[in-house]
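Everything below concerns the one structure shown next.
The values are calculated or read from the model by the stated rules, or taken from the named source; none is laboratory data. Just so we're clear, the structure is a prediction, and the values are computed from it rather than from any experiment. Methodologically, a virtual Cβ is constructed for each residue, glycine included, from the backbone with ideal geometry; neighbour enumeration extends over all protein chains shown. Ligands, DNA and RNA are stripped out before the accessible areas are found, and what is left, the full protein with its side chains, is counted by its heavy atoms. Shrake-Rupley method; radii C 1.70, N 1.55, O 1.52, S 1.80 Å.
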Amino acid sequence: MHNIDPGALYLVSTPIGNLEDITLRALRILKEVDLIAAEDTRQTRRLLTHYEIKTQLTSYFEGNQQAKSEKLIARLKAGESIALVSDAGTPTISDPGYPLLQECIAEAVPIIPIPGPSAILAAAAVSGLPLHNFIFEGFLSPKSGKRKRQLTQLADEERTLILFESPHRLCRFLEDALAVMGEREIVIARELTKRFEEIFRGNISQALEKFRSTEPRGEFTIVIGV
């Protein structure tokens, strides 16, 4: 029997699609902690039900994370162990968790990472683009003007660029990227590890042609060459 550290916050990575991708250690931690703080309790409950885990759940999302952090810190300082999970992948990376992490650091609460699935690394690994040095920018602005300014700042970047984008903004992002950065090699990973996983490789113009003719659906991770 492994022991959970009392009063510790566990940052637990969860599958980005395929439930089989969770690690044995992550399953054990989720079973043994006192509480799981989840970005979406409905989403996390599906994972827990699949693996017959009955640990108590509480919500921790962007809208309540400031107020909820104080309550979670109080429970941690009282000796309870808590696992933080996002909808998919690693907590705090383009997901809620930063305020809680900062509070834990300030209060000397132990923080233990439980590594696992990552859409960033999965897309990077399969891209075929140089990865000796790369940069992750998350989601750029949904507004074209600001997005173009951000892309202008990245245009001279000498590292492979990795971003997230939503399906309804994908074509507008590609239009702006082409206008600002010019023609580049691009890899667009859609629905990684899921049933309809798709990896597009080509240049930005070809990507635009494809996704203008086929409505973008799912979650997108984009890798752009220099």
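Condition first: within 18 Å of residue 116 (Cα to Cα) and at pLDDT below 95. Can you find one or more residues in the range 70-87 that meet it?
Yes.
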Give the residue that is nearest to residue 149 (Cα to Cα), with candidates limited to residues of the range 188-207 that are more than 19 Å from the chain's Cα centre (by Cα) and open to solvent by less than 10 Å² (accessible area, probe 1.4 Å). 204
What number of residues within the range 176-187 satisfy the criterion of being surrounded by 15 or more Cβ atoms within 10 Å (Cβ to Cβ) and farther than 19 Å from residue 144 by Cβ? 2
Tally up the residues in the range 7-24 that are touching a residue at least 60 places away in the same chain (Cβ under 8 Å), open to solvent by 20 Å² or more (accessible area, probe 1.4 Å) and not in a loop (DSSP other than H, G, I, E, B), please. 2
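Provide a single number: the residues in the range 28-39 that are open to solvent by less than 40 Å² (accessible area, probe 1.4 Å) and either within 17 Å of the chain's Cα centre (by Cα) or more than 18 Å from residue 89 (Cβ to Cβ) (or both).
Taking the range 28-39 as the starting set, the residues that turn out to be open to solvent by less than 40 Å² (accessible area, probe 1.4 Å) are 29-30, 33, 35-38.
In the following step, the residues that additionally are either within 17 Å of the chain's Cα centre (by Cα) or more than 18 Å from residue 89 (Cβ to Cβ) (or both) were identified as 33, 35, 37-38.
Matching residues across the range 28-39 total 4.
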Of everything in the range 75-100, what is under 21 Å from the mean Cα position of the chain (by Cα), assigned to a helix (DSSP H, G or I) and touching a residue at least 60 places away in the same chain (Cβ under 8 Å)? Give them in sequence order. 100
Which one is most open to solvent (accessible area, probe 1.4 Å), of the residues in the range 108-143 that are part of a helix (DSSP H, G or I) and among the small types (Gly, Ala, Ser)? 125
Of all residues being out of contact with any Leu (no Cβ under 7 Å at 6 or more places or on another chain), in a helix (DSSP H, G or I) and not charged (D, E, K, R) in the range 49-74, which is most open to solvent (accessible area, probe 1.4 Å)? Just the residue, please. 66
